[in-house]
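Working notes, beginning with the structure itself.
The values are calculated or read from the model by the stated rules, or taken from the named source; none is laboratory data. Keep in mind that this is a model prediction, so the values were computed, not measured. Glycine also receives a Cβ, built like all others from the backbone with ideal geometry; neighbour counts cover every protein chain displayed.
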């Protein structure tokens with residue numbers, strides 16, 4: 001059983017905590033909200049997030065360590081990645097220098113290409129979901145990620161993602177492809193890093 005050490009933050013689905021595995025490894029534990037356990041769609045989304053995190057084993061993501069889907073509280077534990085999110089870094093230090101921005105763009109493009117090799121589209125790439133670790137940027141939060149062969153879990157008339165970072169084809173037709181993640185990469189780079 002993992003030991004909870006501190007609260008790291010919250011998102012739409014629940015809380016994220018810093019934890020420690022029985023062997024002493026630091027993990028990020030995402031615990032979904034209790035009211036979500038009563039929603040078949042929310043539980044399907046969470047199961048998909050666990051499946052996606054289990055499938056994508058990459059140097060560019062926080063890899064899955066463990067998960068509990070059998071009974072509440074439902075949670076998943078991934079590697080803990082120390083470092084600020086891109087949002088926090090820009091807020092604290094201001095826009096990135098041009099050369100740093102170009103390296104970040106290249107690293108994130110490489111990360112997306114690696115994730116796409118697993119047949120997974122992130123679908124919510126944004127500055128909040130990029131951690132600037134000591135070994136390079138890491139993509140986190142695959143809560144709405146989808147494999148190329150998977151069907152949509154979004155209700156008709158609703159589009160997943162974050163306004164400003166979601167490609168037009170997702171908003172208008174819920175068409176998911178690697179191109180939509182590339183759109184989000186461009187929007188992330190231009191809107192939040194100060195790069196043009």
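Those residues that are touching a strand residue (DSSP E or B) at 6+ places or on another chain (Cβ under 7 Å) and either modelled with pLDDT of 90 or more or surrounded by 19 or more Cβ atoms within 10 Å (Cβ to Cβ) (or both), I need them from region 102-124; list them, please.
The answer is 104, 107, 108, 111, 115, 120, 121, 122, 123.
Against the condition surrounded by 14 or more Cβ atoms within 10 Å (Cβ to Cβ), over 16 Å from residue 49 (Cβ atoms), at pLDDT 90 or above and not assigned by TED's automatic domain parsing to the domain that holds residue 27, how does residue 171 come out, does it pass?
Judged against the criteria, residue 171 is not a match.
Restricting to region 65-106, count the residues that are more than 22 Å from the chain's Cα centre (by Cα), without any contact (Cβ under 8 Å) to a residue 60 or more places away in the chain and not in a helix (DSSP H, G or I).
Total satisfying the criteria: 4.
Within region 1-54, track down each residue that is assigned to a loop (DSSP other than H, G, I, E, B) and surrounded by 14 or more Cβ atoms within 10 Å (Cβ to Cβ).
Selection gives 2, 11, 13, 21, 33.
Checking the structure you have, find out if any residue of region 83-94 is surrounded by 14 or more Cβ atoms within 10 Å (Cβ to Cβ) and over 29 Å from residue 168 (Cβ atoms).
yes
Any idea which of (1) on the phi > 0 side of the Ramachandran plot; (2) out of contact with any helix residue (DSSP H, G or I) (no Cβ under 7 Å at 6 or more places or on another chain); (3) at pLDDT 80 or above is the one residue 136 doesn't satisfy?
Checking residue 136 against (1) on the phi > 0 side of the Ramachandran plot; (2) out of contact with any helix residue (DSSP H, G or I) (no Cβ under 7 Å at 6 or more places or on another chain); (3) at pLDDT 80 or above, the one that fails is (2).
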